[in-house]
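S.K.: Take a look at this one; I'll ask things after.
The values are calculated or read from the model by the stated rules, or taken from the named source; none is laboratory data. What you are looking at is a predicted structure, and each value in this text was computed from that prediction instead of being measured. As a convention, Cβ positions derive from the backbone with ideal geometry for all residues, glycine included, and neighbour counts pool all protein chains shown.
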Amino acid sequence: MAFRPPSFSSIAAFEAAARHGSFTAAARELNLTQSAVSHAIKGLEVRCGGPLFDRRGRGVVLTAAGRRLAGKVRLSMALLGDAFDDRSRQAPELLRIATLASFAARILLPLLADMKQAWPDLRLEILCGDALADIDSGEADLAIRFGPGGWAGLHAVRLADEWLFPVASPSYRNGDLPSMPEELAACDLISHPESAWRLWLETSGIDSDAIVPALTVNDAVLILEAAKAGLGIALARATLVETDLKAGSLVRLFDRKVPAEYSYWCVWNPSSPKRASIERFVDLLTGSVQAHLG
């Protein structure tokens, strides 16, 4: 029996609801009734075999299955857009992307091959650094920042949230790894200024003032390298440590994870002459990151 994909209207309803976090806003954008959007999404949930959204008050939040589907849908819509977009027949436009080296190495670069399939003429110049790029001056067309959001005069789209948990080399202290959070007091802790240990320690009932990190490094990947070298236990960002955990060079300690104070954001000037290309790139990157993180 031939495979029949869901109707495009139901896919559009799902994508809009995922983007807005609201069935009402999705209905308004698509000029549909809220019940029509709800009915379309219920049909997709039956087809997918489970809920795609958690209903919370007047809004909705994607489930894990919903996040995976949203990422794939956005990549697919980017491919469709490329098929019908006149810009694909014009000279490709260069986008200058300012980001942290840690994000570029662990997230952006591994996704570029798939992104290039959706946008073959994509041209990027990646500028890595800790300082915030000056978007207004044209130093960069788009910045990917790890921060609280809300930059005055700039448009910002949340790319991904972040979670923190402790990791260590399996050979740290000859394999005598702590089995209880209280044992961290006898270990060397590696800290990052924007991912402070207090966030994790206090949820474990441990006085963070009583534990002073042995090493502080202001790069989120370098703290993982320090942990791999056996220098101590690092508080890792979940999005950046995945490859090390899969390789076995680092192991996760304890089941508890805590949300980071900051999230990853795409930030740009809404009056940029490259706005159309920037928004296209952000849509493609957002879909790729959500599919990657699951």
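S.K.: Tell me which residues, restricted to segment 266-279, are surrounded by fewer than 21 Cβ atoms within 10 Å (Cβ to Cβ) and either in contact with a Gly (Cβ under 7 Å, 6 or more places away or on another chain) or under 22 Å from residue 112 (Cβ atoms) (or both).
M.R.: Listed by number, the residues that qualify are 272, 274, 275, 276, 277, 279.
S.K.: Within segment 244-279, how many residues turn out to be under 30 Å from residue 96 (Cβ atoms) and out of contact with any Asp or Glu (no Cβ under 8 Å at 6 or more places or on another chain)?
M.R.: So the count comes out to 10.
S.K.: Next question. Could you list all residues from segment 223-241 that are more than 19 Å from the chain's Cα centre (by Cα), touching a residue at least 40 places away in the same chain (Cβ under 8 Å) and over 15 Å from residue 253 (Cα atoms)? Working first, answer last.
M.R.: Going through segment 223-241, the residues more than 19 Å from the chain's Cα centre (by Cα) turn out to be 223, 225-234.
Then drop every residue that is not touching a residue at least 40 places away in the same chain (Cβ under 8 Å), which leaves 227-234.
Passing the criteria: 229, 231.
Matching residues to (1) assigned to a strand (DSSP E or B); (2) surrounded by fewer than 13 Cβ atoms within 10 Å (Cβ to Cβ); (3) at pLDDT 90 or above; (4) not β-branched (Val, Ile, Thr):
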{"residue": "132", "(1), (2), (3), (4)": "no, no, no, yes"}
{"residue": "135", "(1), (2), (3), (4)": "no, no, no, no"}
{"residue": "145", "(1), (2), (3), (4)": "yes, no, yes, yes"}
{"residue": "152", "(1), (2), (3), (4)": "no, yes, no, yes"}
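S.K.: I've got another one for you. When you look at residue 283, is it touching a residue at least 40 places away in the same chain (Cβ under 8 Å), among the acidic types (Asp, Glu), buried (at least 19 other Cβ atoms within 10 Å of the Cβ) and farther than 23 Å from residue 154 by Cα, yes or no?
M.R.: Taking the combined requirement at face value, the residue does not satisfy it.
S.K.: Would you pick out the residues in segment 154-195 that are in contact (Cβ under 8 Å) with a residue 40 or more places away in the chain, assigned to a loop (DSSP other than H, G, I, E, B) and aliphatic (A, V, I, L, M)?
M.R.: The answer is 154, 177.
S.K.: While we're looking at this one, here's another question. For segment 233-259, which positions are surrounded by fewer than 21 Cβ atoms within 10 Å (Cβ to Cβ) and small (Gly, Ala, Ser)?
M.R.: Within segment 233-259, 238, 247, 248, 249 qualify.
S.K.: Is it the case that some residue within segment 215-230 is in contact with a Leu (Cβ under 7 Å, 6 or more places away or on another chain), among the hydrophobic types (A, V, I, L, M, F, W, C) and assigned to a loop (DSSP other than H, G, I, E, B)?
M.R.: So far as segment 215-230 goes, yes, one or more of its residues are in contact with a Leu (Cβ under 7 Å, 6 or more places away or on another chain), among the hydrophobic types (A, V, I, L, M, F, W, C) and assigned to a loop (DSSP other than H, G, I, E, B).
S.K.: With respect to residue 276, determine if the residue is in contact with a helix residue (DSSP H, G or I) (Cβ under 6 Å, 6 or more places away or on another chain) and not in a strand (DSSP E or B). Talk me through it step by step, then tell me what you get.
M.R.: Values: in contact with a helix residue (DSSP H, G or I) (Cβ under 6 Å, 6 or more places away or on another chain): no; not in a strand (DSSP E or B): yes.
No, not satisfied.
S.K.: Among the listed residues 202, 183, 194, which satisfies the condition of being of a type in the set (D, E, K, R) and closer than 23 Å to residue 248 by Cα?
M.R.: It is 183.
S.K.: For the subset of segment 50-83 comprising residues that are small (Gly, Ala, Ser) and surrounded by fewer than 15 Cβ atoms within 10 Å (Cβ to Cβ), which member is modelled with the highest pLDDT?
M.R.: Top of the filtered list is 50.
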